[in-house]
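The values are calculated or read from the model by the stated rules, or taken from the named source; none is laboratory data. These numbers were taken from a predicted model, which means no experiment stands behind them. We place every Cβ from the backbone using ideal geometry, glycine too, and count neighbours over all the protein chains shown. Only protein heavy atoms, including side chains, enter the accessible area calculation; ligands, DNA and RNA are left aside. Shrake-Rupley method; radii C 1.70, N 1.55, O 1.52, S 1.80 Å.
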Amino acid sequence: MNDLIQTLAVYAIPVVFAITLHESAHAYVAKYFGDDTAYARGRLSLNPVKHIDPIGTILIPVVLYFATSGNFVFGYAKPVPIDFGRLRNPKRDMAWVALAGPASNFFMALGWMLGAYLLAMLQVTEPFFIKMMQAGVLVNLVMFALNLFPILPLDGGRILASILPVKQSIQFSKIEPYGFFIVLGLMFLKVFNYWLIPVMVLAQASLHLVLSPLEMLIR
């Protein structure tokens with residue numbers, strides 16, 4: 001129980017920020033391209049309560065954590081309502097709206113990694129803050145890679161549907177009602193790791209490249 005409390009304390013803020021900014025990014029870009037549905041419903045907000053789903057964000061992850069002894073955790077936020085038909089160029093702009101979520105996670109991972117470097121520069125050795133920075137990087141890299149998986153209703157699926165020719169895009173969209181269960185099954189069987197880990201490694205390498213001048217100063 002103590003381990004769970006410590007884990008929740010370390011991950012709480014990174015998870016809340018990751019979910020909130022991810023969903024807000026979708027809403028902001030949708031509004032920019034002409035669809036104010038999410039904005040009108042109050043979803044263009046940095047208030048976490050607007051984006052947290054009691055079942056998907058809290059109940060399911062906790063149940064899976066205990067049921068699998070911490071080996072498998074999965075959850076989701078309340079989806080931002082997007083009316084793609086109201087976008088100025090629905091097929092093209094859908095990709096930008098979808099990409100906004102993972103992009104926000106990438107930049108949040110950059111921010112948490114920068115925070116870790118600043119702690120090192122300031123010689124802060126408090127384990128709680130160091131672990132929180134590490135958790136912030138990990139959570140956002142996971143969300144970045146997970147959401148880019150090319151299947152609907154994930155953001156990667158939206159991007160792929162936008163890129164495909166109209167006929168193929170329509171056929172591909174028929175997968176959407178089953179996409180959540182497909183991803184869940186792939187994750188449970190650990191097949192999803194063949195996508196998740198390489199994308200996370202590539203993203204992390206990109207972050208290190210961006211912050212390499214700062215790394216040199218620390219050393």
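Values for this structure:
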read-out: Count of residues meeting criterion [of a type outside the set (S, T, N, Q) and more than 18 Å from the chain's Cα centre (by Cα)] in the range 23-37; value: 6
read-out: Residue within the range 135-146 that is of a type in the set (A, V, I, L, M), in a loop (DSSP other than H, G, I, E, B) and in contact (Cβ under 8 Å) with a residue 24 or more places away in the chain present; value: no
read-out: Yes/no for Leu119 being in contact (Cβ under 8 Å) with a residue 40 or more places away in the chain and either under 20 Å from Gln204 (Cα atoms) or part of a helix (DSSP H, G or I) (or both); value: no
read-out: Residue, farthest from Ile82 (Cα to Cα), within the range 159-183, restricted to residues that are in contact (Cβ under 8 Å) with a residue 24 or more places away in the chain and open to solvent by 50 Å² or more (accessible area, probe 1.4 Å); value: Ile182
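Okay, residues lined up against (1) hydrophobic (A, V, I, L, M, F, W, C); (2) over 15 Å from the mean Cα position of the chain (by Cα); (3) in a loop (DSSP other than H, G, I, E, B):
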position	(1), (2), (3)
Met132	yes, yes, no
Gln171	no, yes, no
Ile197	yes, no, no
Ala203	yes, no, no
Ser206	no, yes, no
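Results for (1) of a type in the set (Val, Ile, Thr); (2) under 27 Å from Val210 (Cβ atoms); (3) at pLDDT 90 or above, shown as yes or no for each residue.
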site	(1), (2), (3)
Phe66	no, no, no
Gly70	no, no, no
Met94	no, no, yes
Ala98	no, yes, yes
Ala103	no, yes, yes
Ala135	no, yes, yes
